[in-house]
Structure formats: structure tokens, C-alpha cells
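Please read the structure below before turning to the comments.
The values are calculated or read from the model by the stated rules, or taken from the named source; none is laboratory data. As the structure is a prediction and not an experimental result, all values here were calculated from the model. Here the Cβ positions follow ideal geometry from the backbone for every residue, glycine too, while neighbour counts run over all protein chains shown.
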Amino acid sequence: MYEFAVTPAVTNIRRRGVTITSVASASLGEELELEPGDRVIKVNGRTVRDYLDFRFQTSGETELTFEVRKKSGEDWELLIERGEGEDFGLSFEQIVPRQCANECIFCFCKGNPEDARPSLFIRDEDIRLSFLYGNYTTLTSITEDEMQRIIEQRLSPQYVSVHATDLEVRAYLLGIEKERADISEKLARLLDAGIDIHAQVVLCPAINDGEILRRTIFQLANHYPRVSSVAIVPLGLTRYNTDERLTPVTRDFCRQTIKELKVIQLQLRERLGTTFAFLGDEIYLKAGSRVPGRKHYGDYPQIEDGIGMVRSFCNQFSSLLKKLDQKAHPDTRQFNGTIMTGTLFAPVLREQITKLNNRFGTRLHVAEVENDYFGGDVSVAGLLTGSDFVKAKYKIQGDFLIIPRTTLKSDEEVMLDGMSLAQLKEKLGVPVFPFDMRAFSKWISSAGLDHMIPEMVVQPNAATLRA
Ligand code: SF4
């Protein structure tokens, strides 16, 4: 299992070099006659494993030697002189994620239907993606080479799934033996080397909550500011993950967790001057509580992990409403359509959209959509699928439908169940516009309501798969 699990990383290293996928016109790369399909094998005598290596090894250098394997099979050596800060104009192949060797009892991969999109089964555990996109790793199978790379190339911050500092509990959650679950020395080495860490806890009732959670937070807080924050996100169970060791996250559990965390957060704010340990938005929404205010989140250190997204959205929406006061359009009633979202976020969105409707006469209707595809307690917007939207067709009012952009693949208009946006439009018989909330707020504040619909197009967004 372990050997198999690390194979993709090994394969990637064996291929040597990184493939160029595009060369900008009139760039230095074009001048050097580099082409898509060429591989940069070495820079200044050092092997290049991926585009991060290329970036690191070329950074700040004005005199360089490239060893290039041309797509024709020829080997070139290029001696290059470039101006300070001059870009090569090269784009490279994506990083092939290294995969984990854990058997976490809560792993989302176990909760996927068999026909889910293949990317949902990727168990990525890759320090490069952690640095680039904030993907979490557990550090359980990190190699010496990777440790050195983090330190040498300053791949900071790293996002680490700690789950519990209690070794027995961590090993149990990760489904591995204690020796491998113990990352205390690795963490210490990274922290000593000046690498910043953002930690994550997937909160599983009756396993790593209560006193275990309290100890985890305070032990991590001892390393503040190098350990900069802890995100505490709830276990999510689909109908396919029926592991008896797991207890669903209930409303009462969320309320109790918020109560316990308030005491801890108060102590941490007094001691560190920051909240440090943040609860995921989902916990507040499930509890039926209002999310904390702006100050609680500081500079939103873990917003991509669902920490403070709701607060950020509400605040952006409020400032948007203020700005729109001066831009009111006489024909706003023509904006008659439906916004679909997950059951968890729908009440928050409805409250904001009602304000917009009341003030500007728009007729936007918020419809919550049950997640039938994954089932269980999955209620977040980003995991809705094409079949879920189709089942909720009867809720559509008005002339168009808006769906969350996060339901689509980052680089393709396809949803998690494989349905394309074009197929969805066909099945629903209305124009469908995908967007994300933050972009929506920014967009309508800059463009004005009168340009709102035609310009809503899909933009690639960074998809992050969390360990
Ligand atoms: S939760 Fe993450 S680390 Fe655990 S088994 Fe799944 S992919 Fe691996």
C-alpha cells in the first residue's frame, strides 16, 4: 500500500525535467527558440523536477545555462543572459500530485459514489501543492528530500492536517501506526528552519473533540507565531461513508463546540493577540448561530478552508449595497431569476439578496438545493451536482438560473457527477450562469446591475483538494 501510494511522486522524479506547455510571443523563451513540448532538464547544472524547481533555480539569476531536451529528441545547451527581472514567458505542465499513504477514517474519498469524477478520488499529499494552493498534508510520509526542499526553497507556509496532538488519537484518525503518525520531530525541524505552518483539525465527535481538542489547540499555540493558525472544520459524512467509528456532527454538537471554543479563543486573544483557533463557518451555520464579526478573523488566514468565508461575503455584500446606492438603475426589475445554493448557506444568502431586492427592485429568488448525490449531512454549495440542480428544477423562478461556480471543475465546465454546464442548461431549459460569491460582489459593484447577467462567465478558479 505504502509503495503504491508514493509511486506518482517517484514516477515524476524519474521523468527528469519539466515540459513547456506554452511560450509567450515576443518573450525571451521565444527568442531562445523554445517550444511547447520541449523539456527543461537542468538549470545551471541542477536537475529540474517541476516548475517550482524552475522558478527557484532561475530566480534572481541573470546568467544561466539550460539543458533542454527538444521535442524532436535533440539535446540543446543554452547559455543565457537576461535582464534583471526579465521573464522567460514560459508556462509549464502541472504538478502531478504525490499521493498519501494514510487510511483516514473520515477520508472524503471513501464517501464518493463510484461514478464520481476521477479527480475526487485523488488522495493528494504534496508539500508543493500545500505551498502553492493551501492543500493540506499530514507529513506522515514526507521524505528527507521533500523536507530539505521545503527548507531550501522556502516553501512557506505549509498547511498541515494535525487533527490531534495526542499521538494515539492522531494515529487512530489517520488509520496508521503511531510511529508514522508522530510528526513532532518533523514539525519542530520545519519550525526551527523558519517555515510557517497553518494547522487543520477535522473535528470528529467523540474522538478528537473536548479535552483532546483543547490540548491540541494549546500545544500548537505554544509555537505561535510560527504555527500561525488552526482551522477546525467539521467531519462531513456522505451516505457512502458508513464507518461505525464516526458520529455525525449535529446541531447540539456544534453549539457545544462553539461554547467551548469561545473560552479558548478568549484566552488565546489575551495571550497572543489573535483568535488563533478558528471554527469553520459550517459549524456556526449548523448550530444556527451568527458567524463572528470581522475582527475575529484578522486577515482571514484560512479563508480557503471555509474559515470566515460567510463573514467576508456578508461584509462585501453590505459594502456593495452601499456603493450601489449611487448606481441605482431604473430597469432593475428585469433581473428576475433564481440563485441556487446549498441548504447551509441559503438562509445567509437569502437575507442578503432580500436586502438587494428591497432596495433596488430586483427579483432574485434564493432556492436551497438538497445534496442527493452525496447524501448524508453534505449541505455545502460547492458539492452540489448537476443531478441535484435538475431535481430542484421546480424551484426555478424567473428568466435565468445562477449556480455556485465552485460546483464546476476549475478548468472545465463539468460538475462532480460528470454533467456538463451545457447539459444542465439543456435539461433545465433556462440560461444558467455560474459564479462565486466574492466575484459576484466585486463584479456587480464595479460593473453595475445593468451589466450583471451578460458578463457572468466562467473563470478558472483554483481548486483545492484537502487532505
Ligand atoms: S483524508 Fe487526506 S490524508 Fe487522509 S486518507 Fe484521505 S487523502 Fe489521505
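Side notes on the structure shown:
- Residue within segment 182-189 that is assigned to a loop (DSSP other than H, G, I, E, B) and at positive phi present: no
- Scope segment 142-161; condition more than 11 Å from the ligand (Cβ to nearest atom) and among the polar types (S, T, N, Q); matching residues: T143, Q148, Q153, S156, Q158
- Note on segment 162-171: among residues that are of a type outside the set (D, E) and within 14 Å of V201 (Cβ to Cβ), the one that is farthest from the ligand (Cβ to nearest atom) is T165.
- Sub-6 Å Cβ pairs linking a first residue in segment 106-130 that is more than 19 Å from S387 (Cβ to Cβ) to a second residue that is assigned to a helix (DSSP H, G or I) and more than 10 Å from the ligand (Cβ to nearest atom), at least 6 apart or interchain, are I127/E146; I127/I150; R128/L52, ordered by first then second residue.
- Looking only at residues in segment 64-95 that are among the aliphatic types (A, V, I, L, M) and surrounded by fewer than 15 Cβ atoms within 10 Å (Cβ to Cβ), the one that is nearest to S387 (Cα to Cα) is L78.
- Number of the exception - Y300 against (1) among the hydroxyl-bearing types (S, T, Y); (2) closer than 30 Å to P157 by Cα; (3) buried (at least 19 other Cβ atoms within 10 Å of the Cβ): (3)
- Checking each residue in segment 131-141 for being more than 12 Å from the ligand (Cβ to nearest atom) and either assigned to a helix (DSSP H, G or I) or among the β-branched types (V, I, T) (or both) picks out F131, L132, Y133.
- With respect to being polar (S, T, N, Q) and over 22 Å from the mean Cα position of the chain (by Cα), T274 fits the description.
- Hey, R128 crowded, with 19+ Cβ neighbours inside 10 Å and within 16 Å of the ligand (Cβ to nearest atom) or not: yes
- Unique match (being at pLDDT 90 or above and under 30 Å from I307 (Cβ atoms)) among L428, L344, L356: L344
Residue-wise test of (1) surrounded by fewer than 19 Cβ atoms within 10 Å (Cβ to Cβ); (2) without any contact (Cβ under 8 Å) to a residue 24 or more places away in the chain.
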{"site": "T338", "(1), (2)": "no, no"}
{"site": "T343", "(1), (2)": "yes, no"}
{"site": "V348", "(1), (2)": "no, no"}
{"site": "T354", "(1), (2)": "yes, yes"}
{"site": "N358", "(1), (2)": "yes, yes"}
{"site": "L364", "(1), (2)": "no, no"}
{"site": "F374", "(1), (2)": "no, no"}
{"site": "S379", "(1), (2)": "no, no"}
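- Scanning segment 134-166 for residues that are among the acidic types (D, E) and under 21 Å from the mean Cα position of the chain (by Cα) yields a count of 0.
For (1) buried (at least 22 other Cβ atoms within 10 Å of the Cβ); (2) touching a residue at least 12 places away in the same chain (Cβ under 8 Å); (3) in a helix (DSSP H, G or I), each residue gets a yes or a no:
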position: R180; (1), (2), (3): no, yes, yes
position: V202; (1), (2), (3): yes, yes, no
position: P205; (1), (2), (3): no, yes, no
position: H223; (1), (2), (3): no, yes, no
position: T238; (1), (2), (3): no, yes, no
position: T247; (1), (2), (3): no, yes, no
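- Number of the condition not met by E152 [criteria: (1) of a type outside the set (A, V, I, L, M, F, W, C); (2) in contact with an Asp or Glu (Cβ under 8 Å, 6 or more places away or on another chain); (3) surrounded by fewer than 19 Cβ atoms within 10 Å (Cβ to Cβ)]: (2)
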